[in-house]
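Step one of this worksheet: look at the structure below.
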Amino acid sequence: MSSADILEFRLKLSGLLLLGGLVIEAVTLFWSHPFSIMIHIFPGVVLMAAGIIFYLYSLVAPPPGEPAERGAIQEQIRDTNA
């Protein structure tokens, strides 16, 4: 998998988490039962928060294999400067 494919997968997964949270929250808004606030808060808000956190993580996380490549590039830069 290329780094673009990994980023695309991570963004799709975070979007699905957000969508799941939004669906749960929308359903519980029309449900008039005291237990609906518990379902609104726990699964709905937790899925929304997980989607947001995973989205931000996917933007800043390096793709697998990149740290080793970065180290090799830094060694080449040091060798040319020395």
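The values are calculated or read from the model by the stated rules, or taken from the named source; none is laboratory data. If you're wondering where the values come from, they're calculated on a predicted model, not measured in any experiment. When we count neighbours, we look across all protein chains shown, and the Cβ atoms used for this are built from the backbone with ideal geometry, even at glycine.
I'd like to check which helices (runs of 4 or more DSSP H) are fully inside the chain and have at least 2 residues that are modelled with pLDDT under 95 and in contact with a Ser or Thr (Cβ under 7 Å, 6 or more places away or on another chain). Can you show your working first?
Values: elements: 3-29, 36-39, 46-60, 66-81.
So the answer is 3-29, 36-39.
When both residues are 6+ apart or on different chains and their Cβ atoms are under 6 Å apart, which pairs have a first residue that lies in the stretch 34-63 and is without any contact (Cβ under 8 Å) to a residue 24 or more places away in the chain, and a second that is part of a helix (DSSP H, G or I)? Listed by first residue and then by second, the contacts come to SER36/THR28; ILE39/THR28; HIS40/GLU25; HIS40/THR28; PRO43/ILE24; GLY44/GLY21; GLY44/ILE24; GLY44/GLU25.
For beta carbons closer than 6 Å, sequence separation of 6+ or different chains, a first residue in the stretch 11-31 that is surrounded by 15 or more Cβ atoms within 10 Å (Cβ to Cβ) and a second that is hydrophobic (A, V, I, L, M, F, W, C), the qualifying pairs are SER14/PHE54; LEU17/LEU47; LEU17/ALA50; GLY20/LEU47; GLY21/LEU47; GLY21/MET48; THR28/ILE39.
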